[in-house]
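What follows draws every value from the coordinates through simple rules; no lab data is involved. These numbers were taken from a predicted model, which means no experiment stands behind them. Cβ atoms come from the backbone with ideal geometry, glycine included; neighbour counts cover every protein chain shown.
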Amino acid sequence: MATGKIFAAALLAASSIPATAAVMTVGSNSARLCYESADSGLYPTPATLARCDTALTEAGTPFRDIVATYVNRGILKLRRGQIEAALADFDTALRMDPRQPEAYLNKGAALMRQDNAREALPLFTVALENHTNRPDIAHFGRAIAYETLGDVNAAYRDYRRATELAPDWAEARAELSRFRVIPR
């Protein structure tokens, strides 16, 4: 496969990294509604984002839910194409909890949408090391980053792992199907 084709396929796949891996909340009603919106996969409305804003200012919202709400609001902003605002929310969550795996995962996805594979790549790895709820997405995102950076072998391994973790995920299977293993 020509390098140009690999790069084009990787860029196309980068736009398909889902903005998901929402962080579940158990506290305030607004935080819970923000989580449910982020977890739904639906396109967020301004009212949806307002729920997240409310959760961040409500008295008595547990610390864990505040961190989760920053991640969830970032996911919603990313779906709306507000990449810089999403990155700011993921960074806030990471300042508050440097081990928050979903913040790393979604920040990696946001950076890939900016064609910044070099910076995104280690974020997917940290998300996996911190036990993200969506390792399939982390492997998929890391595969795209590796492929974009020219490491086709590592990309293949991560696409394969993503399909093992989520065998029904058509996009991951499609990306993996582009590869041919040639025995040495």
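Percent relative contact order of region 54-163, based on C-alpha pairs within less than 8 angstrom and at least six residues apart? Write out the running numbers ahead of the final one.
On the way: 148 pairs, mean separation 19.1, N = 110.
Here the relative contact order equals 17 percent.
Using Cα pairs under 8 angstrom and six or more residues apart, how large is the relative contact order of region 24-99, in percent? Show your work: numbers first, answer last.
Values: 101 pairs, mean separation 23.7, N = 76.
After rounding, I find 31 percent.
Using the Kirkwood formula on the Cα atoms of region 60-141, what hydrodynamic radius do you get, in angstrom to one decimal?
Details: mean 1/r = 0.0814 Å⁻¹.
Hydrodynamic radius (Kirkwood, Cα only) of region 60-141 equals 12.3 Å.
With +1 assigned to the C-beta of every Lys and Arg and -1 to the C-beta of every Asp and Glu, and no other charges, what is the dipole magnitude of the chain about the Cα centre in debye, to the nearest 20?
Numbers: 22 positive and 21 negative charges, 93 e Å.
With Lys and Arg at +1 and Asp and Glu at -1, about 440 debye.
Which residue, ALA170, ALA55, GLY108, has the largest displacement toward the positive end of the dipole of the chain when charges sit on each Cβ (Lys, Arg +1; Asp, Glu -1)?
The residue sitting farthest along the positive end of the dipole is ALA170.
What ranking, highest mean first, results for peptides 160-167, 86-93 when packing means the other Cβ atoms within 10 Å averaged over each residue? Before the final figure, lay out each step's value.
Numbers: 160-167: 17.9, 86-93: 21.5.
Put in order of decreasing packing, that is 86-93, 160-167.
Given Cβ point charges of +1 (Lys, Arg) and -1 (Asp, Glu) and nothing else, what value in debye, to the nearest 20, does the dipole of region 24-99 about its Cα centre take?
Working: 9 positive and 9 negative charges, 18 e Å.
Here region 24-99 has a charge dipole of around 80 debye.
Let me have the relative contact order for the chain, percent, based on Cα pairs under 8 Å that are six or more residues apart.
Numbers: 294 pairs, mean separation 34.9, N = 184.
Reported relative contact order: 19 percent.
Going highest first, how would you order 67-77, 149-159 by mean Cβ packing within 10 Å?
Numbers: 67-77: 28.8, 149-159: 17.7.
Result, highest mean Cβ count within 10 Å first: 67-77, 149-159.
What does the charge add up to near LEU94, with Lys and Arg as +1, Asp and Glu as -1, over the other residues with Cβ less than 11 Å from its Cβ?
Details: positive: ARG95, ARG99, LYS107; negative: ASP89, ASP91, ASP97, GLU102.
So the environment of LEU94 carries a net charge of -1.
Ratio of Rg to Rh for the chain, alpha carbon only, Kirkwood? Walk me through the intermediate numbers first.
On the way: Rg = 16.7 Å, Rh = 16.5 Å.
Rounded to two decimals, Rg over Rh is 1.01.
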